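Okay, so here's the structure we're looking at.
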Amino acid sequence: MPVTGSCHCGNVSYTLEGDAPSGAVSCNCSICRRKGSLLHFAPADQFTLHTDPAAMTTYQFNKHHIRHNFCATCGCSPFGGGTGPDGKEMVAINLRCADDIDLDALTIHKFDGASL
C-alpha cells in the first residue's frame, strides 16, 4: 500500500509507492538533529510529488548532496532528495510527515551524519 504524506498546511504532498516502512533512519547531522526527522529512503522513481515546486523552498549545505525541501508556508519538511551512493536519484521522506505511520512501531537505525 502506498505511503502518502504532506506538510502541516497541506501545500506540499506526495505519494511513495511500495509498502509502509518498518524502520527509519535517525540522523544526527546538524540539520536532521534540529528538525527531528525520521527518514525512509527510496528510489526517486517511486515518488510522486502532488505539489507545484513553487510551494517549496530548498536548502542545501555542506557538500550540497542533499536537497532539504520544506513548505514555503508552514515550514514543515516532508521530504528531501539527492543522489545515493550508487549514483541513482533517491528521496528521503520524513516519516513524521507521513500519513498512517505508527512511529512507535518503527525500528530506529541511528546514522552518524555528524561525522561526515
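All of (1) part of a loop (DSSP other than H, G, I, E, B); (2) open to solvent by less than 20 Å² (accessible area, probe 1.4 Å) hold for residue 81 with one exception: (1).
Of the residues making up the stretch 1-38, just one is open to solvent by 20 Å² or more (accessible area, probe 1.4 Å), modelled with pLDDT of 95 or more and among the aliphatic types (A, V, I, L, M), namely 25. Looking across the stretch 54-78, the residues that are under 13 Å from the mean Cα position of the chain (by Cα) and open to solvent by less than 50 Å² (accessible area, probe 1.4 Å) come down to 68, 69, 71, 76, 77, 78.
Among the residues making up the stretch 3-22, those that are under 12 Å from the mean Cα position of the chain (by Cα) and among the small types (Gly, Ala, Ser) are 5, 6, 13.
Scanning the stretch 84-116 for residues that are surrounded by fewer than 17 Cβ atoms within 10 Å (Cβ to Cβ) and aliphatic (A, V, I, L, M) gives 103, 105, 108, 114, 116. Being in contact (Cβ under 8 Å) with a residue 40 or more places away in the chain and more than 23 Å from residue 4 (Cβ to Cβ) is a property that residue 111 has.
Checking the stated criteria, residue 61 turns out to be modelled with pLDDT under 95, assigned to a loop (DSSP other than H, G, I, E, B) and not basic (Lys, Arg). Residue 51 - would you say it is more than 16 Å from residue 108 (Cα to Cα), part of a strand (DSSP E or B) and open to solvent by less than 60 Å² (accessible area, probe 1.4 Å)? In short, no.
The values are calculated or read from the model by the stated rules, or taken from the named source; none is laboratory data. Keep in mind the model is a prediction, meaning the values are calculated, not measured. All Cβ positions, even for glycine, are placed from backbone atoms using ideal geometry, and neighbour counts span all protein chains on display. Protein only, heavy atoms only, side chains kept; ligands, DNA and RNA dropped before computing areas. Shrake-Rupley method; radii C 1.70, N 1.55, O 1.52, S 1.80 Å.
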